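Engineer: Below is one structure. I have some questions about it.
What follows is calculated from the coordinates using simple rules that are stated; it is not laboratory data. None of the values given here were measured: they were computed from a predicted structure. As a convention, Cβ positions derive from the backbone with ideal geometry for all residues, glycine included, and neighbour counts pool all protein chains shown.
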Amino acid sequence: MGATQKYKIKNLRKYLDDKLHIYQQTNTKFWYARFYAEGKYKVRSLKEIKFETAKEIAQDWYFELRGKQKEGIPVHGKKFKDVLEEFFEHQNLQVKSGEMKKGNAVDYERRLKGKLGTYFNDYYLQDITLQSLNEFKVHRISKDNVRHTTIKHDIGSITQVLKYCKDQKYITNLPETPKKSKKDDKKPRPYFSLDEWKHLLSVSKERIESGRGIRVKRLREQLHDFILIMVHTGCRVDEVYGMTFGCARIYKKKGGDRELRISVDGKTGVREVRGMIGAVSAYERICKRSPKHKQVDLLFPVRYGDGLNNLLDKADLKKDKYGRVRNAKSFRATYIMYRLMKNVPIKSIALNCGNDSAVIDKYYAKYLTSNMLDDSITDLPE
């Protein structure tokens with residue numbers, strides 16, 4: 001990269017006991033203003049050619065910032081969106097040095113680029129307070145119907161950014177965070193019962209047949225195989241979206257049965273996932289639709305959020321019996337509950353899902369009743 005171009009200052013004029021400087025640069029006719037605060041100059045282009053007009057704008061700007069200083073607000077404030085890219089770069093360095101797990105970095109970035117970022121992007125850093133975090137919490141619960149654990153992870157992600165900003169002296173103090181909810185809803189995470197799963201597959205196939213045009217049919221076929229891969233592997237949503245042809249292979253077991261094995265680089269690091277039988281046929285259809293695929297190509301090149309919502313609405317399965325909204329995460333929950341019902345050891349399920357056994361027990365296993373356990377349950381339909 002070439003050296004940064006520096007422009008000379010001309011027509012420098014000083015006001016208010018040398019605190020406010022108004023000047024021009026050799027590269028433009030516009031006037032600029034600056035004043036020294038908190039160890040460096042605060043600079044603004046006044047976007048004005050006439051000096052007298054520029055002077056009025058500069059003085060108004062100066063007194064506005066001085067007022068913020070008196071209130072304890074840093075004059076060099078940044079917006080939340082202004083620091084995200086450098087925060088992501090900081091995370092990457094931490095991953096390379098071993099200070100942060102790659103899975104955690106991926107999760108933070110996903111959340112910060114999602115609804116969390118959308119909500120706070122235009123906030124100045126100093127305006128992110130306990131009150132605004134509580135407002136965000138209420139917004140997520142009322143608008144998105146998310147669980148308290150999701151909000152906990154969202155708040156944790158924004159806290160990581162604010163800690164970085166404090167280290168960089170963009171802010172002076174960290175805000176308090178909302179108190180953790182002690183509520184235990186005593187329900188497993190939303191999943192599909194066997195009958196609901198059968199119905200969903202039936203509706204999905206009907207939508208494929210009734211789709212108008214090649215593109216619509218293709219997207220619905222991809223969505224159908226997406227939910228099959230999800231429910232037959234137990235992977236996280238982002239792990240499935242990150243799968244490439246190079247990380248998956250069909251393995252022939254003794255006795256002739258086949259099994260899809262996938263190398264997943266997820267939240268808890270790299271692991272090998274072993275899918276149930278339905279994952280094999282889904283993967284074969286994906287390969288057939290992309291005969292000229294490369295090893296680095298994604299199995300699912302687009303996101304299916306709208307398509308999935310439409311499918312769930314069509315099947316009248318958007319909410320579970322407790323009124324909670326289902327989404328793509330519900331397929332992972334279905335895999336876990338189904339494996340538990342088949343009496344598969346919790347440790348085996350946890351290893352395949354990239355989770356601790358305690359998590360499986362806390363959010364799923366403890367809700368099982370004796371009449372739900374059945375060794376004779378066959379594989380989930382596909």
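Engineer: For the pair S202 and L174, how long in nm is the line joining their label points, each one 7 Å along Cα→Cβ?
Structural biologist: 5.3 nm
Engineer: Shifting gears a bit: Do any GluC sites (Glu not before Pro) in the range 30-101 lie in a loop, going by DSSP, with at most 14 other beta-carbon atoms within 10 Å of their beta carbon, and if so which?
Structural biologist: E38, E71, E99
Engineer: A follow-up question, please. Using a Förster radius of 35 Å, what is the FRET efficiency between V95 and E209 based on their Cβ-Cβ separation? Nearest 0.05, please.
Structural biologist: My answer for the efficiency is 0.15.
Engineer: Cα centroids of the range 206-228 and the range 66-119: how far apart, whole angstrom?
Structural biologist: 38 Å
Engineer: With θ set to phi - 60°, apply the Karplus curve 6.51 cos²θ - 1.76 cosθ + 1.60 along the range 103-112 and write out the HN-Hα couplings as whole Hz, x wherever there is a Gly or Pro.
Structural biologist: Taking θ as phi minus 60°, the curve returns x, 5, 4, 5, 5, 4, 5, 4, 5, 6 Hz for the range 103-112.
Engineer: Evaluate the charge dipole of the chain about its Cα centre and quote only its size in Debye, nearest 20, assuming +1 on the Cβ of each Lys and Arg and -1 on the Cβ of each Asp and Glu. Present the calculation step by step, with values, prior to reporting the outcome.
Structural biologist: Working: 79 positive and 49 negative charges, 98 e Å.
Its charge dipole is roughly 480 debye.
Engineer: May I ask you to derive the FRET efficiency for R110 and K318 from their Cβ-Cβ distance with R0 = 25 Å, giving the value to the nearest 0.05?
Structural biologist: For R0 = 25 Å, the calculated efficiency reads 0.60.
Engineer: Still on this model: Over the chain, with a Gaussian network built from C-alpha contacts below 10 Å, which listed residue (K115, K102, K292) shows the highest mean-square fluctuation?
Structural biologist: Maximum fluctuation in the GNM of the chain, among the listed residues, is at K292.
Engineer: Given the -39500 (n - 2.57) contribution per DSSP H run of 4+ residues, what per-residue ellipticity at 222 nm results for the chain, rounded to the nearest 500 deg cm²/dmol?
Structural biologist: Counting only the DSSP helices, I get -15000 deg cm²/dmol.
Engineer: Distances over 23 Å make up what percent of all Cα-Cα pairs in the range 80-167?
Structural biologist: Counting pairs separated by more than 23 Å, the tail of P(r) holds 21 percent.
Engineer: Using the basic label-point model (7 angstrom from Cα toward the beta carbon), what is the K152 to E85 distance in nanometres?
Structural biologist: Simple spin-label model gives 3.5 nm for this pair.
Engineer: Sticking with this structure for a sec: What does a probe at V325 reach in the range 88-121, counting residues whose amide N is under 16 Å from the point 7 Å along Cα→Cβ?
Structural biologist: Residues 114-119 qualify, since their backbone N sits under 16 Å from the label point.
Engineer: Sort 206-212, 263-269 for me by packing, meaning the mean count of neighbouring Cβ atoms within 10 Å per residue, highest on top.
Structural biologist: Highest-to-lowest ranking by the protection proxy: 263-269, 206-212.
Engineer: Right, something else. What range in the chain is the longest one free of chymotrypsin sites (Phe, Trp or Tyr not before Pro) that are in a loop by DSSP and have at most 14 other Cβ atoms within 10 angstrom?
Structural biologist: 31-321
Engineer: Taking Cα centroids, how far is the range 153-170 from the range 279-317 in Å?
Structural biologist: What the calculation gives is 36 Å, centre to centre.
Engineer: Another question, if that's okay. In nm, what is the difference between 0.36 nm times the number of residues separating I9 and N27 and their Cα-Cα distance?
Structural biologist: That pair, I9 and N27, stretches by 5.5 nm at full extension.
Engineer: Across bins of 10 angstrom width beginning at 0, how are the C-alpha pair distances of the chain distributed, in whole percent?
Structural biologist: 4, 18, 23, 21, 13, 10, 8, 3, 0
Engineer: Please compute the contact order of the chain in relative form: average sequence separation of alpha-carbon pairs under 8 Å and at least six residues apart, divided by the residue count, as a percent. Don't skip to the end; give the middle numbers.
Structural biologist: Working: 469 pairs, mean separation 50.6, N = 382.
Computed value for the chain: 13 percent relative contact order.
Engineer: Here's a follow-up. So if R0 is 45 Å, what FRET efficiency would L130 and S290 give, r being the distance between their Cβ atoms, rounded to the nearest 0.05?
Structural biologist: Result of the calculation: an efficiency of 0.35.
Engineer: Further question: Taking 0.36 nm per residue of sequence separation and subtracting the Cα-Cα distance, how much length would be gained by fully extending the chain between Y123 and K362, in nm to one decimal? Before the final figure, lay out the partial values.
Structural biologist: Details: separation 239, 0.36 × 239 = 86.04 nm, distance 3.59 nm.
Full-extension gain reported as 82.5 nm.
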